[in-house]
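The values are calculated or read from the model by the stated rules, or taken from the named source; none is laboratory data. Every value quoted in this text rests on a predicted model; they were computed, and no experiment measured them. Note that each Cβ is placed from the backbone with ideal geometry, even for glycine, and that neighbours are counted across all protein chains shown. What goes into the accessible areas is simple: the full protein's heavy atoms, side chains included, and nothing from ligands, DNA or RNA. Shrake-Rupley method; radii C 1.70, N 1.55, O 1.52, S 1.80 Å.
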Amino acid sequence: MNYTLHQLQVFLKITQTKSITKASEELHLTQPAVSIQLRNFQDQFEIPLTEVIGRKLYITDFGKEIALAAENIINEVYAINYKTQAFKGQLSGRLKLSVVSTGKYVMPYYLSEFMKNNSEVELEMDVTNKSKVIKSLKNNEIDFALVSILPNDIIVESLPLMDNKLFLVGNKFTEINQDSSLSNYVSSQPLIYRELGSATRFSMENFLDKKGIVPNMKIQLTSNEAVKQSVIAGLGLSIMPLIGLKNELEKGDIKILPVDKLPIVSSWRLIWLKGKKLSPVAKAYLDFVSKFNEEIKNKHFEWIKNY
């Protein structure tokens, strides 16, 4: 056996993504480079690690065992590096976050200064929908999650950061109804939804149910950016988080439509499993956010108070 740490890292990423393409993207390598590393790693074993069926990549049972061993080896290497930095008096380690998709407009501002001040900290942040965020939290795969709706099936601790406001929006050509009736808007134009599992969709459907409104036409898209561009293009209306609309509102490409009982207001919260033993890095980050939350909010999100 003469495998390298790099080969272990590449193979582990392949088992996690179950795709050469996705692994290459996450590792910032070309697909041929990842394929070569997988082949060189496989050549050291007589038993197949992967198999391709119908152009889909599968990890064999043996491959899963090797992946588990690879993860343990990589974690031990990280531990050695972290201990080295700790002896030098530097905060080091991995900070692992999972963020709901709209949270990408929030989380970077709560990370920037911390990462600048702690250059030895490694950041892993997954941006996905609420269902996958909560799954990562349940499995104790992350330190913190950023959500706007608290999960109701696990016990968590939380730190409120800022308001999350959802408004009905249309493009610049959408005519404003004088009676502020949501039913009038959705009776004449399609309503654009996020995919199932999205916190935005959950809030939107909950609001419509309470109002007793069933849209005649609806469209489902899988990202806030796709919804935003569709609204701008005039494909329909949507109930969207204000946090991701700053530039479009300033340019006039999107406008907020006044509707009774809107906006829907919740809170962006940093959450973690209750009773979780936080690593030194995670504890340092929580202390940082607790201390500088108001400063970050006032510096980067003051504009939200205007709506």
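Taken together, the residues in region 21-74 that are among the basic types (K, R) and either in contact with a Cys (Cβ under 9 Å, 6 or more places away or on another chain) or open to solvent by less than 100 Å² (accessible area, probe 1.4 Å) (or both) amount to 0. When the strands (runs of 3 or more DSSP E) confined to region 119-184 are screened for residues that are within 30 Å of V77 (Cα to Cα), those reaching at least 2 such residues are found at 121-128, 144-147. The residues listed here are S290, S279; of these, the one that is more than 19 Å from the chain's Cα centre (by Cα), within 30 Å of K138 (Cα to Cα) and modelled with pLDDT of 95 or more is S290.
Return the residues of region 267-284 that are assigned to a strand (DSSP E or B) and open to solvent by 50 Å² or more (accessible area, probe 1.4 Å); say none if nothing qualifies.
R269 - this is the single residue of region 267-284 that is assigned to a strand (DSSP E or B) and open to solvent by 50 Å² or more (accessible area, probe 1.4 Å).
For region 53-69, the count of residues that are at pLDDT 90 or above, hydroxyl-bearing (S, T, Y) and touching a Pro at 6+ places or on another chain (Cβ under 8 Å) is at least one.
Filter region 1-19 for residues that are open to solvent by 40 Å² or more (accessible area, probe 1.4 Å) and either closer than 28 Å to S136 by Cα or of a type in the set (D, E, K, R) (or both) and give the result.
Across region 1-19, the qualifying residues are L5, H6, Q9, K13, Q16, K18.
When D253, D287, D260 are screened for being farther than 22 Å from L159 by Cα and open to solvent by 60 Å² or more (accessible area, probe 1.4 Å), only D260 passes.
Rundown of residues vs (1) closer than 18 Å to V281 by Cβ; (2) touching a strand residue (DSSP E or B) at 6+ places or on another chain (Cβ under 9 Å); (3) buried (at least 19 other Cβ atoms within 10 Å of the Cβ), yes/no style:
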| site | (1), (2), (3) |
| --- | --- |
| N117 | yes, no, no |
| E122 | yes, yes, no |
| N129 | no, yes, yes |
| N140 | yes, yes, no |
| I155 | no, yes, no |
| N164 | no, yes, yes |
| N177 | no, no, no |
| N184 | no, no, no |
| I192 | no, yes, yes |
